[in-house]
Amino acid sequence: MTNTLLQSIRIMLVDDHTMVRRGLATFLMVFDDLKLAGEAENGEEAIDLCSQILPDVILMDMVLPGMDGAETTRIIRKQFPNTQVIALTSFKEGELIKNALEAGAIGYLLKDVSADELAKAIRAAHAGRGTLSPEAAQALVQTANLPPAPGLDLTEREREVLLLMIEGLNNTQIAGKLSVSPSTIKSHVSNILSKLNVSSRTEAVTLALRNHIIS
């Protein structure tokens, strides 16, 4: 019995819904090697509790009140690198999955996962191996196949010109500001329109503002 205790994987649950935590706590009781170490209902509470109990694995909801699951994961992974985090959520949007993994989550599962699959993912996380639900993997592939956001290929000079276009300056005025010839600015503007796939200065400015191309 002592040997079983030594091998137990200590788990913390982070979810703002009490019934979800109750269900997960019940699930953990089924497996001898999984032990509930603590529960938190928001990010701040999770970080504080993690410092006290140092769990092996955290089951983290991604949508939490206040600090979201990705930011909570990022802080926990930075402060407690030996604690692994599995995102366990109802959402399968590619951007949400990408954020969770970039924050340091080792796995991403949906809440309809079976008990055996969840137990297997927890054991894998404890051993340093990641697990993605098929839906999460598919969403990541779809996100990766999206065309790049407009404006990523603009040069630094083209960004300067675009900013002055947003301010309402014409080519001659921009040339004066940047101490170059109007023909050089005309060339930059042409490149900007081409890279943004628009046909006019007005469209370029509108697209730049809508997509926050210029910070």
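Scanning segment 24-42 for residues that are among the β-branched types (V, I, T) and either without any contact (Cβ under 8 Å) to a residue 40 or more places away in the chain or surrounded by 14 or more Cβ atoms within 10 Å (Cβ to Cβ) (or both) gives a single hit, T26.
Residues of segment 92-132 that are touching a strand residue (DSSP E or B) at 6+ places or on another chain (Cβ under 9 Å), in a loop (DSSP other than H, G, I, E, B) and modelled with pLDDT under 90: K92 alone.
The values are calculated or read from the model by the stated rules, or taken from the named source; none is laboratory data. Treat the numbers as computed from the prediction; the structure is a model and nothing was measured. Backbone-built Cβ (ideal geometry, glycine too); neighbour counts: all protein chains shown.
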